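Beneath this line is the structure, given in structure tokens, with notes to follow.
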Amino acid sequence: MMQEVGTMIFSELIKKLQKSRVKILNLKDLKKLFGIKKDNTAYKVAEKLIKKEFLLPLKKGIYASTFREPSDFEIANCIYTPSYISLESALNYYGILSQFPYTITSAAAKKTRRFEVKGKEYEYTQISKKLFWGMRKEKEFLIATPEKALLDAIYLAAKGARRFDFKEFDYSKINRSKFRKLSRNIKYLPFQNLLKGIKI
């Protein structure tokens, strides 16, 4: 095979990938896992693993293992960083919003972007870096708390960046005391005005 991989045969690469139990790898992870030094060699190994369907390309330089495929939320966390699951996806996850969103939605510290991966759409909406808080590790992905997911939705609606029918939300799923306390951290006047109208 490629010189830098040395005597390691392809079946050994597959065994190493399987035993690692990793779900998502970038180029650096591949180099470390297989003991490869050069990026070009790592890309060639990745291409062969993709061809044999042991890896799935998620984005340039980011791959998913088919031995232990990641969830949509795990993929969302990895293909555009820093980001966390929020808005419709998080609201639906917690039962605040009953309507199931087909797009996987996240809040991001960088500019708003959309990606399509494996036939699914991933949407990242930029929020102020001052508001990049209020998330937690759930299972194996980073997601807004119920209260922060709702705050993100109200904030972006106040900015005119998103539209929501807040009458459809189930506010029994949030800690109202915690929500009110967190909402005081957002000094944006249109947000505070919209919040008063929702009456949570």
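The values are calculated or read from the model by the stated rules, or taken from the named source; none is laboratory data. Every value quoted in this text rests on a predicted model; they were computed, and no experiment measured them. Because the Cβ atoms are built from the backbone with ideal geometry, glycine has one as well, and the counts that use them run over all protein chains shown.
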Output yes when any residue across region 43-63 is surrounded by 14 or more Cβ atoms within 10 Å (Cβ to Cβ), at positive phi and assigned to a loop (DSSP other than H, G, I, E, B), and no when none is. yes
For region 158-174, how many residues meet the condition of being of a type in the set (A, V, I, L, M, F, W, C), without any contact (Cβ under 8 Å) to a residue 60 or more places away in the chain and either over 12 Å from Leu91 (Cβ atoms) or touching an Asp or Glu at 6+ places or on another chain (Cβ under 8 Å) (or both)? 2
In region 179-194, the residues that are outside any loop (DSSP other than H, G, I, E, B) and under 16 Å from Leu131 (Cα atoms): Phe179, Arg180, Lys181, Leu182, Ser183, Leu189, Pro190, Phe191, Gln192
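Every residue, every condition in (1) of a type outside the set (D, E, K, R); (2) under 22 Å from Lys129 (Cβ atoms), yes or no:
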site: Ile24; (1), (2): yes, no
site: Lys38; (1), (2): no, no
site: Leu49; (1), (2): yes, no
site: Tyr80; (1), (2): yes, yes
site: Tyr84; (1), (2): yes, yes
site: Tyr93; (1), (2): yes, no
site: Leu97; (1), (2): yes, no
By residue number, the members of region 86-125 that are in contact (Cβ under 8 Å) with a residue 60 or more places away in the chain, outside any helix (DSSP H, G or I) and in contact with a helix residue (DSSP H, G or I) (Cβ under 6 Å, 6 or more places away or on another chain) are Ser86, Tyr94, Gly95, Ile96, Leu97
Among the residues of region 107-120, count how many are in contact with an Asp or Glu (Cβ under 7 Å, 6 or more places away or on another chain) and crowded, with 16+ Cβ neighbours inside 10 Å. 1
Somewhere in region 143-166, is a residue assigned to a strand (DSSP E or B) and of a type in the set (Phe, Trp, Tyr)? no
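Assigned by TED's automatic domain parsing to the domain that holds Ser128, buried (at least 16 other Cβ atoms within 10 Å of the Cβ), out of contact with any strand residue (DSSP E or B) (no Cβ under 6 Å at 6 or more places or on another chain) and of a type in the set (D, E, K, R), is that true of Arg184?
When the stated conditions are applied, Arg184 does not pass them.
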